[in-house]
Amino acid sequence: YPSACEVGPGTMVSDDLVFLNYEYSCVSFRVAETKLGQQLFLGNNIYFPSSESIGDNCLLASKVMLPIDAQRRSDIGLLGSPAFEIPRRNSNDVAFNPVPQDAEGYARLLSKNFYNLRTMGIYLFCNWLAVFMGFLAGYILLSIFDQVSTLSLVASGLALFFGAAPIYIISERLSLSGNRLKPYECTIHDPYFWWIERHWKLAETPFKYIFRGTPFRPWMHRILGIEMGKRVFDDGAFATEKTLTVIEDDVCLNAEVSIQAHSLEDGLFKSDRIVIGAGSSVGPLAYIHYGAILGRNTEIAPDSFVMKGTNTKSHSIWCGNPARVVNG
């Protein structure tokens, strides 16, 4: 219920935040107000309950399980499931406030907004063109048949797909100007990040969801820039930075695996390569963060969070949030 949600000033939110502002029991239903405080940073895949105990100036790491006890927490970070406290800011990072504090900051934010408006226009045009080309191809093929039949409908459906597919592929590859990404660090007000953000938007295509569990999905990933080995099974994994991702031979990727080669902690963009070694298996809903290198035949348990910079030994088993070695 959006009308029951409130976000405080200076707060940054990443993808897949879910407000749990309704509650069921066996006899009742209740809607409660859910509030985010000031100067928060929220990572990916967070479920925020109405009974939260989070104050101002907190960092909530990706996939964190928020506590619902009465203790009010401020000026800290929370990581893991169940959550434990960590420093609010990494001591190695230079303090950066993404909220403009002066005229120069407001000017850079305005420039970013205009850049994003152009990105929106490009995104809408590419999707319109893909739909137009798909229906045009389907119409042309359907008009070849004398009458509507099962065969004609199947053929027109295939034409619809193959008419639209090249547009999505070309738009995603052109968003990188034909280049491969390299590890990089900057703030969200840097033009380089705007360019990366445009790439993310143009990579949001139907290819994210199709061909799951089929031999066509690794082939599709190769076209879009992932260094993909042989005999890879992919039941629905998604990589945000495909050209920073290496998946070696005989890897098994289960449904809803997230391979994220970047972070945006407190408005600082950082990216690095991810390597999934030969013979490895990644369980459903697992999350692989930037800089992680999985050794050969590593097993990642379902719903685990492999933290940034993690190096796993060959033939080891990791599970939990954050993921820890349990065997090997």
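The values are calculated or read from the model by the stated rules, or taken from the named source; none is laboratory data. Not measured: the values here are computed from a predicted model. Please note: Cβ atoms are built from the backbone with ideal geometry, for glycine as well, and neighbour counts cover all protein chains shown. Quick note on the areas: whole protein, heavy atoms, side chains included, nothing else; ligands and nucleic acids left out. Shrake-Rupley method; radii C 1.70, N 1.55, O 1.52, S 1.80 Å.
Values for this structure:
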read-out: For the chain, calculated [θ]222 nm from helices alone, where every DSSP H run of n ≥ 4 adds -39500 (n - 2.57); value: -9500 deg cm²/dmol
read-out: Whole-number D in µm² s⁻¹ for the range 1-90, Kirkwood Cα-pair radius fed into Stokes-Einstein, 20 °C, 1.002 mPa s; value: 161
read-out: Relative counts (whole %) of C-alpha pair distances in the chain, using bins that are 20 Å wide; value: 27, 54, 19, 1
read-out: Low-density loop cleavage sites - chymotrypsin sites (Phe, Trp or Tyr not before Pro) in the range 209-271, where at most 11 other Cβ are within 10 Å (DSSP); value: TYR209
read-out: Trypsin sites (Lys or Arg not before Pro) lying in DSSP loop within the range 216-296, provided at most 14 other Cβ fall within 10 Å; value: LYS230, ARG231
read-out: Unsatisfied cross-links (Cα-Cα over 26 Å) in the set LYS35/LYS63; LYS63/LYS242; LYS35/LYS242; value: LYS35/LYS242
read-out: Principal semi-axes in Å for the range 1-158 [√(5λ), Cα gyration tensor, largest first]; value: 44, 26, 15
read-out: Distance between the range 53-74 and the range 135-156 - C-alpha centres, whole angstrom; value: 56
read-out: Accessible surface of the chain, 1.4 Å probe, proportion on carbon and sulfur as whole %; value: 61
read-out: Under the Debye formula (equal points on every Cα, no solvent term), log10 I(q)/I(0) of the range 225-323 at q = 0.22, 0.25 Å⁻¹; value: -1.10, -1.44
read-out: Dimensionless Rg ratio for the range 145-188, taking C-alpha atoms and the 2.2 N^0.38 Å reference; value: 2.05
read-out: Of PHE305, PHE84, PHE29, the one that fluctuates the most in a GNM where the chain has Cα springs shorter than 10 Å; value: PHE29
read-out: Set of lysines near LYS112 by C-alpha distance (under 20 Å), chain-local residues within fewer than 8 positions excluded; value: LYS201, LYS270
read-out: Average accessible surface area per residue within the chain, 1.4 Å rolling probe, Å²; value: 52
read-out: Relative contact order for the range 90-219, counting Cα pairs under 8 Å that sit 6 or more residues apart, in percent; value: 26
